[in-house]
Amino acid sequence: MQTQQLLALALGLAALGLLLIAGLVLARVAAARRSERTLRHALDERAVQSAALAAAAARGTEGAQAGAKAAARSVPPTGFKGLLERFAHTGIRWLDTPFGRQVVAEEDRRLLEQCGFVDTRTRGLFLLARLVGALVLPVLAGTLASTHLDGSRYGALVIVAVMAGFMLPKLVLRRRAGKRRHAVVDELPLLVDLLRLLQGVGLSLDQSLQVVVNDFRGMLPVLAGELEIAQRQFAAGRTREQSLNRLASSYDNEDLRAVVRLLVQVDLHGGAVQEPLKQFGDRLREARRAMLRERIGRLAVKMTGVMIVTLLPALMIVTAGPGVLAVQHSLGKVKH
């Protein structure tokens with residue numbers, strides 16, 4: 001009995017030690033994530049200030065130092081914009097709490113990045129949008145249905161309204177993110193061709209990306225916006241690889257990752273990239289043709305079903321209708 005008690009005590013102490021080690025590891029991971037979010041927020045704020053300073057310098061109104069002081073002493077907005085900013089700051093304060101991490105999970109942050117919303121302000125607004133939807137929609141549904149439903153049906157309607165109001169902002173984000181992912185697939189071959197042409201005329205990588213952002217936004221609305229965000233982060237102090245890493249990891253597109261890796265290698269080591277970009281563009285076009293052939297094949301199969309449902313009855317009526325009418329007329333004469 002003494003040996004069994006000692007063994008049980010040793011196992012309990014070992015389990016307690018493992019729990020303590022796991023708690024320390026989790027605390028360290030949480031601290032690292034908090035520091036990473038703080039650094040990302042600071043870099044985003046610096047990028048916004050740099051963009052404001054660049055715009056002020058382009059207008060020739062103030063110098064860089066005066067623009068920074070003016071940005072620091074900016075008057076808080078009023079009205080609806082001021083209310084929106086207060087909501088955003090409230091959401092930002094809740095983001096790092098356990099409740100905020102449950103409401104805006106990693107999947108939601110990824111969807112926000114795919115939609116082009118990379119700053120903490122939009123994440124705070126998304127958090128408050130989910131909470132407001134979960135509170136407002138049940139009130140509206142309960143008010144409208146209070147005279148028609150009662151008892152368990154009314155409670156079920158309120159619960160469904162809470163879930164719908166909470167999930168509605170995410171559904172909107174998912175729809176927008178899906179459209180942007182399809183747009184990235186469509187715009188990528190044109191981006192590769194533009195980079196090849198710009199590199200061929202002697203522009204540097206930074207100049208090529210700036211030309212794409214400034215002059216080809218109408219042709220590449222999604223990728224030009226993403227490259228603009230990457231350029232702002234690069235100007236704020238991040239490396240080229242860090243500024244392009246979000247573009248490579250957000251859209252789950254292996255071809256886009258390959259382009260980003262090529263751009264990073266060019267920025268680090270230099271060299272001629274016209275021929276690799278040309279070969280990569282040809283491969284993208286071949287993959288696009290194969291995808292279009294596959295879509296056409298699926299469309300032909302679908303149209304076969306549509307033709308059977310719609311055209312076959314009309315064809316049977318046109319071809320067999322006169323014979324059926326003749327037989328019916330003959331049978332009628334025989335009866336008489």
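Since every read-out is calculated from the coordinates, none of them should be taken as a lab result. On a predicted model such as this, the values are computed, not experimentally measured, just so you know. Positions of Cβ are generated from backbone atoms using ideal geometry, with glycine treated the same way; all protein chains shown enter the neighbour counts.
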- Item | Cut-off 13 Å between beta-carbons: net charge of the residues surrounding residue 86, Lys and Arg +1, Asp and Glu -1 | +2
- The aspartates and glutamates whose Cα lies under 18 Å from the Cα of residue 302, excluding any fewer than 8 residues away in the same chain, are 294
- Item | Cross-link reach list, lysines versus residue 335, counting only Cα pairs under 20 Å and skipping chain neighbours closer than eight places | none
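How big, on average over all directions, is the shadow cast by the Cα convex hull of the stretch 183-289, in nm²?
Numbers: hull surface 24.6 nm².
The Cα convex hull of the stretch 183-289, projected and averaged over all directions, gives 6.1 nm².
In what order do 90, 147, 120, 97 fall by count of nearby beta-carbon atoms within 10 Å, going from fewest to most? Please report the intermediate quantities before stating the final value.
Details: 90 14, 147 7, 120 20, 97 11.
Exposure proxy ranking, most exposed first: 147, 97, 90, 120.
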- Contour minus Cα-Cα span, residue 32 to residue 304, at 0.36 nm per residue, comes to 92.2 nm
